[in-house]
Amino acid sequence: MKPVVTSLNIGGARSGIRPRGGDTAIDKRPVDTIEVRDPGPKRGGLGSGVLGDDVVSRKHHGGSQQAVYAVAREELDWWGAELGRDLRDGMFGENLTTLGLDVDAAVVGQRWTVGSAVLEVTGPRIPCATFAAWMGERGWVRRFTERGRTGAYLAVVEPGVLSVGDIIEVGQPPEHGITVPEVFGAFMGDDDLAARVVAAQVLAPADSLDLERSLARRRQIDQ
């Protein structure tokens, strides 16, 4: 079976979720179709790459490198069994829920053709306090981090329209072979992975610089 879009999800800003108050748009709900385009930079851009989808905290979310967020339905099912609860499509705040695609095996820079759009894998989702509050599970950030399968952020290479049931055509992976979980591990403190990711230059310049600085700090502490 070819991988398909099983759900498309968007959300508006709402209160009552974040632990310290304020709005968030993590509560995504299914729609039949979405239109995607490059939202531009985090600050001063359009926020989400999905029309009608809100991004509230633009310091850490949204922008070209986090235009669309994808999670495999199979990963939601794994967590559902682990937590003893049903996790609906969109529960992780994802815009794109896939079926039959190992999202977490995706190589950074790999392209997906979905509907009339072309998307490019850019990296992992980093869990935060808002995600933990939304899930309502004890130790959620730690557990999610230990699992290491975060889903993938995507950039919009070619704008277009996606519909539920669309086949996802996955392009050839770049030769460097660095996967989304490996980038996540690099940001979470694996120095060997961090050095490999920095050397391969697979991230956007700002993200690569952040990782390089973090790696330098960790090495200085270890000396």
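The values are calculated or read from the model by the stated rules, or taken from the named source; none is laboratory data. In this text, all values refer to a predicted model and were calculated from it rather than measured experimentally. A quick note on method: Cβ atoms are made from the backbone with ideal geometry, for glycine too, and the neighbour counts reach across all protein chains shown. Side chains are part of the model used for accessible areas, which takes the heavy atoms of the whole protein and leaves out ligands, DNA and RNA. Shrake-Rupley method; radii C 1.70, N 1.55, O 1.52, S 1.80 Å.
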Query raised in the report: Residues in segment 122-129: is at least one within 19 Å of the chain's Cα centre (by Cα), surrounded by fewer than 19 Cβ atoms within 10 Å (Cβ to Cβ) and at positive phi?
Result: no
Requested in this report: Please state which of the following conditions TRP112 fails to meet, knowing it meets all the rest: (1) open to solvent by 20 Å² or more (accessible area, probe 1.4 Å); (2) of a type in the set (A, V, I, L, M, F, W, C); (3) assigned to a strand (DSSP E or B).
Outcome: (1)
Query raised in the report: Taking the stated definitions as given, is GLY47 under 18 Å from VAL141 (Cα atoms) and either in contact with an Asp or Glu (Cβ under 6 Å, 6 or more places away or on another chain) or crowded, with 17+ Cβ neighbours inside 10 Å (or both)?
Result: no
Query - Matching residues in segment 28-55 - criterion: being over 17 Å from ASP89 (Cα atoms), under 16 Å from the mean Cα position of the chain (by Cα) and among the aliphatic types (A, V, I, L, M) - result: VAL36, VAL55
Requested in this report: Report those helices (runs of 4 or more DSSP H) wholly inside segment 136-223 carrying at least 3 residues which are open to solvent by 70 Å² or more (accessible area, probe 1.4 Å) and not aromatic (Phe, Trp, Tyr).
Outcome: 140-147, 191-200, 205-222
Report task. Considering (1) open to solvent by 30 Å² or more (accessible area, probe 1.4 Å); (2) within 14 Å of the chain's Cα centre (by Cα), say which one ASP86 fails and leave the rest. Result -> (2)
Query - Lone qualifier among THR97, THR130, THR122 - being touching a residue at least 40 places away in the same chain (Cβ under 8 Å), closer than 26 Å to ARG18 by Cβ and part of a helix (DSSP H, G or I) - result: THR130
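Would you confirm, using the coordinates I've provided, whether VAL141 is closer than 26 Å to GLY45 by Cα and of a type in the set (A, V, I, L, M, F, W, C)?
When the stated conditions are applied, VAL141 does not pass them.
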Requested in this report: Filter segment 55-75 down to residues that are under 16 Å from GLY11 (Cβ atoms) and open to solvent by less than 70 Å² (accessible area, probe 1.4 Å), then give me how many there are.
Outcome: 11
